[in-house]
Every structure is written in structure tokens, then in C-alpha cells.
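To start, the structure itself, in C-alpha cells.
The values are calculated or read from the model by the stated rules, or taken from the named source; none is laboratory data. Note that this is a predicted model, so its numbers are computed, not measured. So basically every Cβ, Gly included, is an ideal-geometry build from the backbone, and we count neighbours across all protein chains shown. Quick note on the areas: whole protein, heavy atoms, side chains included, nothing else; ligands and nucleic acids left out. Shrake-Rupley method; radii C 1.70, N 1.55, O 1.52, S 1.80 Å.
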Amino acid sequence: MMVNWPSPAKLNLFLYINGRRPDGYHDLQTLFQFLDYSDTLNFILRQDQQIRLLTPISGVPDEQNLIVRAARMLQQFSDCHLGADISITKILPMGGGLGGGSSNAATVLVALNHLWKCGLTTEQLCKIGLTLGADVPVFIYGHAAFAEGVGEKLQPTQPKEKWYLVAHPGVHIPTPLIFNEPELVRNTPKRTLTTLLASPFSNDCEPIARKRFPEVEQLISWLLEYAPSRLTGTGACVFSEFDTQAAAVDVLKQAPEWLHGFVAQGVNTSPLQAILSRQV
Ligand SMILES: C[C@@](CO)(OP(=O)(O)O)[C@H](O)COP(=O)(O)OP(=O)(O)OC[C@H]1O[C@@H](n2ccc(N)nc2=O)[C@H](O)[C@@H]1O
Ligand SMILES: Nc1ncnc2c1ncn2[C@@H]1O[C@H](COP(=O)(O)OP(=O)(O)O)[C@@H](O)[C@H]1O
């Protein structure tokens, strides 16, 4: 039987930038939660070592696609002699701060580690994943988490599983553009998780995204009339939080034509984790 492997989105429920490291990367404190809204991957094993992506993603050459890169990395680190034909049904907007690319890489690492019987531990997979992107480890880890460092120091948490209206302003914000911005606040003091959870949540990247991208400003201003709303990651997506699905759907129904979005629930166990535990 062919198994569908989910590759969920994430939200950064809060994101604070505490400093810049000598290598140029930024030290963060962020709260990751998954969305029950996922791309879907399928794998057909090959007896040769070829990795083929049967459903190329427009604008992303296969050699740069995190799906292909993750599979090759796993082959290298596990000394595996098998290959795979991989296909993806993509529903997550790309470059939107929902972590779709990182999530795809994580699903490939977790699924092929299982299907190829490589036997790598979660820690080993996270180490490989981190070389592909700062957000990959949390998707492998599979639990909502408070993250520090560049996102690799993870501590499980249980934020409330609210309903979200997630909206895309239609602009692409490259992650490096935000991190290279001179006006970015980089000196938010580090706080304990207990303090952070008791304080109002915000995102240090949001003021820059709103200032540089009028579409983001327009979107957040509109949503704030209805519910608490923030940027996720470095953008460009914005999420509004609701206690019920009906309340979120209701606001989406009232939205102007230019607002493109979807409604999904925040979940503390990744849909990928849920499938994996059913496999073993
Ligand atoms: C900040 C977050 C929060 O989730 O933003 P989103 O990308 O999800 O919006 C992520 O950690 C992003 O992770 P990811 O998108 O994987 O970033 P990477 O590919 O590793 O890095 C892209 C570029 O962003 C900058 N970068 C990234 C992460 C970080 N902590 N500090 C940085 O300065 C670096 O210039 C790096 O070359
Ligand atoms: N499988 C993939 N899915 C999405 N994007 C990918 C993939 N492989 C490589 N990329 C590249 O990674 C970039 C960031 O994608 P994504 O992870 O969706 O955004 P973000 O990090 O903003 O949440 C894309 O613009 C694309 O060029």
C-alpha cells in the first residue's frame, strides 16, 4: 500500500532576534507550532541509487530542490544503496514563512530513513537537516517547540491549538532581505520561556516587512480589525488567531478579493510524526 507522507506548514507564534553571530546568522527565540495543512509526498523505492523527482516544482531546479538534496544527503550519511522516485502534491505557498521547503526536506529524511531502513536517530537526522536549512530540525523533531540558537536548540512546549486564518499578501520576501536590513531590531533581550509565554507575542521581523512591503501592511491592518494577527517567520504570510474554526472561516468569507488565504488548526504533534508512529 502506498503511504502518503505529510509535510506540514509551521507558524512562528512569536519570533525575537537576540543578536547577530560572527558568521552572520542571527540568534533567535521563537515558538514553532505546526499547522494541520500539508504538502503530500510519495515514495517508490528503487533498487539502483537514482533519486528522481517525478513532479518538478516550477522555478526550482531539481538539483536545488530540498527534496532531492535531502534524499542525496541521507544516501551519503547512511551509506544506503537504494534510490527513490519521489512525487509531491504541493499546496503550501513557497517563500511565505510557512517553512514548506524545510518541511519537505524533513519529510524526505524521516520517510526515507524509515523506508530504506537506514536506522539513523532523530538527532542524526536533525544534524543532517540543519545543513539544509535552519527550520528543518523542528519538522524532524515533530513536536511544537521553543527554539533558540538559529532554531536548532529545541524544547517541547504545548501552546494552545488555536485555529488560524493564514493569508498570503502576494509578495515574495526573501529571508536574507529581512536579515540584511539595517533597521532590523537585533537586540531583543533573551527571556525565559515562562516569561515569553506570559508576554504578548510578537515578531521582530514584522515592522520591517510592514514598512518595506505595502501589501503586508495592508493585509495586517485589515486582519487586525478582526483578530490578533502577526507575520510568520520573515514573511510574507500573516496569520490571525481564533478559538474556533467557524470564527476563522467567517472572517475569510468577509475578506476582500485581494486577500488569499486558508484556515487550518495549529497542532502540537506534527502530522508527519502521527504517520510515522503508525508505521512502526
Ligand atoms: C527565521 C526563520 C524562522 O522560522 O524564517 P523563515 O524562513 O521561516 O521565514 C527561519 O529560521 C529561517 O530559516 P531558513 O529559511 O531555513 O533559513 P536558511 O536557509 O538557513 O537561511 C537563509 C539566510 O537567512 C539568514 N539567516 C537565516 C537564519 C538565521 N537565524 N539568521 C540569518 O541571518 C542568512 O543570511 C541565511 O543565509
Ligand atoms: N521543495 C521545495 N519546496 C519549496 N521551496 C523550495 C523547495 N526546494 C527549494 N526551495 C526553495 O526554498 C525557498 C524557500 O521556500 P519555503 O521553505 O517554502 O519558504 P520559507 O522558508 O519562507 O518558509 C523557495 O523560494 C525555493 O526557492
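Things worth noting here:
- Inter-centroid distance (Cα atoms) of the range 35-67 relative to the range 222-259, Å: 31
- Over the chain: helical MRE at 222 nm, DSSP H runs n ≥ 4 each giving -39500 (n - 2.57), nearest 500: -9500 deg cm²/dmol
- Using the 1.4 Å probe convention, the accessible area of the chain works out to 45 Å² per residue with neighbouring protein chains retained.
- Taken about its Cα centre, the range 1-92 carries a charge dipole of about 140 debye when Lys and Arg each add +1 at the Cβ and Asp and Glu each add -1 at the Cβ.
- For the chain: relative contact order, % (alpha-carbon pairs under 8 angstrom, 6 or more apart): 25
- Dipole of the chain [Lys/Arg +1, Asp/Glu -1 at C-beta], most positive-end residue of ALA246, LEU231, GLN47: GLN47
- In terms of the mean number of neighbouring beta-carbon atoms within 10 Å, the peptides 94-104, 144-154 order highest first as 94-104, 144-154.
- Check: the chain dipole with +1 on Lys, Arg Cβ and -1 on Asp, Glu Cβ, in debye: 420
- Comparing mean-square fluctuations of LEU31, LEU252, LEU15 from a GNM of the chain with C-alpha springs under 10 Å, the top value falls on LEU252.
- HN-Hα J in Hz across the range 251-266 - Karplus 6.51, -1.76, 1.60, θ = phi - 60°, x for Gly and Pro: 5, 4, 5, 7, 5, x, 4, 6, 8, 10, x, 9, 10, 8, 8, x
- Accessible area of the chain belonging to carbon and sulfur atoms, whole % at 1.4 Å probe: 53
- Working note: Karplus 6.51/-1.76/1.60 with θ = phi - 60° gives the range 131-143 the couplings 6, 8, x, 5, 8, 5, x, 5, 5, 6, 4, x, 10 Hz, where Gly and Pro are set to x.
- For the chain, the fraction of alpha-carbon pairs lying more than 31 Å apart is 26 percent, rounded to a whole number.
- Pairwise centroid distance, computed over Cα atoms, of the range 146-212 with the range 95-131, Å: 22
- Between 0 and 90°, nearest 10: helix 100-115 axis offset from the chain longest Cα axis: 30
- Computed packing ranks the peptides 220-229, 261-270, 133-142 as 133-142, 261-270, 220-229, most packed first, by mean other Cβ atoms within 10 Å.
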